[in-house]
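Peer 1: Please see the structure below; I have some questions.
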Amino acid sequence: MEPGLNAEVLLAHAMRCDRVYFFAHPEQELREVEWIHYGRYLHERMQGKPTQYITQKQEFYGRDFRVTPDVLIPRPETELLVEAVLERRSGARVMVDVGTGSGAIAVTLALELGRPVAAVDISAGALNVAAANAARLGARVRFAQGDLLHCFGDAVADVVVSNPPYVATGEAAAMQREVRDWEPHLALFAGDSGLNIYKQLAPEAWRVLKPGGLLAMEIGFGQADAVTSLLGDWTGVRVLPDLAGIPRVVVCEKR
Ligand SMILES: C[S@@+](CC[C@H](N)C(=O)[O-])C[C@H]1O[C@@H](n2cnc3c(N)ncnc32)[C@H](O)[C@@H]1O
């Protein structure tokens with residue numbers, strides 16, 4: 001986020017007002033307590049804490065999600081993953097979001113489709129945040145704590161969707177400090193190659209999906225070939241670019 005925009009967002013947060021009110025009332029003076037809040041937020045920001053963890057919110061697909069350091073801050077690119085599922089399987093009955101984090105994907109799908117969605121995460125802290133987001137936004141999401149799809153039976157799902165951890169551990173030193181030092185490592189890193197979760201998730205999704213079921217996954221920069229090479233048994237494998245033209249989502253169907 002631009003420094004100027006950061007400062008405005010934090011100042012509006014200190015005043016406990018939205019940005020429309022903030023710009024509509026340039027004459028309003030800060031009360032002492034608001035100065036104190038603002039100073040604290042700037043100090044936290046200077047330590048590298050992401051603005052979204054200070055304000056505890058991030059917009060995703062037009063809705064505000066609460067975020068804490070227990071969850072990855074949802075990224076705009078991930079909206080493409082949601083779009084890919086909505087375009088291909090709007091009639092699906094059983095959808096599972098693997099690695100739900102803040103619940104951004106599962107909650108959005110449940111609200112857009114008006115149907116329940118299942119969601120799993122290995123992190124109890126993330127599930128608390130996701131459940132609170134689902135309750136506040138009125139989404140019907142059934143949450144489970146577990147390792148990938150272990151807690152699901154065979155051939156039960158129409159869609160498995162996931163934005164898994166995909167950063168190689170060796171890339172940590174080159175990452176932005178806001179990300180590396182503040183976002184949960186469980187949400188970021190996936191072994192030496194960054195492919196560990198894809199290698200486990202693809203065969204598990206094959207087991208859990210019904211024939212013809214859809215697997216949709218977000219991928220990291222430069223991972224398209226490596227990830228699609230794990231999908232030899234699948235049909236209709238496609239790589240979808242994001243708005244910057246970067247390959248970002250892989251979709252495929254179980255034969
Ligand atoms: C990249 S974050 C995605 C969060 C959210 N879905 C989003 O797109 O903003 C990955 C999530 O996967 C979870 N995770 C990591 N390993 C997992 C595993 N083995 N089983 C289930 N969830 C896992 C992490 O706790 C984290 O919440």
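The values are calculated or read from the model by the stated rules, or taken from the named source; none is laboratory data. This is a predicted model, so every value here is computed, not measured. FYI the Cβ positions are ideal-geometry reconstructions off the backbone, even for glycines, and counts take in every protein chain you see. When the accessible area is computed, the model is the full protein with side chains, heavy atoms only, and any ligands, DNA or RNA have been set aside. Shrake-Rupley method; radii C 1.70, N 1.55, O 1.52, S 1.80 Å.
Peer 1: Quick one: helix 32-46 against the long Cα principal axis of the chain, what's the angle to the nearest 10°, folded into 0 to 90?
Peer 2: Roughly 50 degrees between the two axes.
Peer 1: Can you order the peptides 27-36, 134-143, 66-75, 162-171 by their average number of other Cβ atoms within 10 Å per residue, highest first?
Peer 2: Going from most to least packed, we get 66-75, 162-171, 134-143, 27-36.
Peer 1: List the lysines whose Cα lies under 30 Å from the Cα of K210, skipping any in the same chain that are fewer than 8 positions away.
Peer 2: Result set, ordered by chain and number: K199, K254.
Peer 1: Another question, if that's okay. Projecting each Cα onto the charge dipole of the stretch 3-47 (Lys/Arg +1, Asp/Glu -1 at the beta carbon, about the Cα centre), which of M46, F23, G4 comes out farthest on the positive side?
Peer 2: Value computed over the given set: M46.
Peer 1: Using +1 on the beta carbon of Lys and Arg, -1 on that of Asp and Glu, and nothing else charged, what's the dipole of the chain about the Cα centre, debye to 20?
Peer 2: Roughly 720 debye, rounded to the nearest 20.
Peer 1: Tally up the carbon and sulfur contribution to the accessible surface of the stretch 59-253 as a whole percent, 1.4 Å probe, everything protein left in place.
Peer 2: Ligands and nucleic acids excluded, carbon and sulfur reach 52 percent.
Peer 1: Moving to a separate point now. Looking at T235, P247, L137, which one has the Cα that reaches farthest to the positive end of the dipole of the stretch 127-255 (charges on Cβ: Lys, Arg +1; Asp, Glu -1)?
Peer 2: So the residue furthest toward the plus end is L137.
Peer 1: I've got another one for you. Which FRET efficiency value, to the nearest 0.05, is calculated for E8 and H185 with the Förster distance at 25 angstrom and r the Cβ-Cβ distance?
Peer 2: Efficiency for this residue pair is about 0.25.
Peer 1: I want to check the label-to-label distance for V20 and H43. Put each point 7 Å from Cα in the C-beta direction and report it in nm to one decimal.
Peer 2: According to this spin-label approximation, the distance is 3.4 nm.
Peer 1: Moving on. Reachable lysines from K49, Cα under 25 Å, same-chain residues fewer than 8 places away excluded?
Peer 2: Of all the lysines, those that pass the test against K49 - Cα under 25 Å, at least 8 places apart if same chain - are K57.
Peer 1: Please give the length that would be gained between Q28 and R136 if that part of the chain were fully extended, namely 0.36 nm times their separation in residues minus their C-alpha to C-alpha distance (nm, one decimal).
Peer 2: My answer for the length gained is 35.8 nm.
Peer 1: While we're looking at this one, here's another question. Which of rounded, prolate, oblate describes the stretch 59-253, given a ≥ b ≥ c as roots of the alpha-carbon gyration tensor eigenvalues and a/c under 1.5 marking rounded, otherwise prolate only if a/b is larger than b/c?
Peer 2: Rounded.
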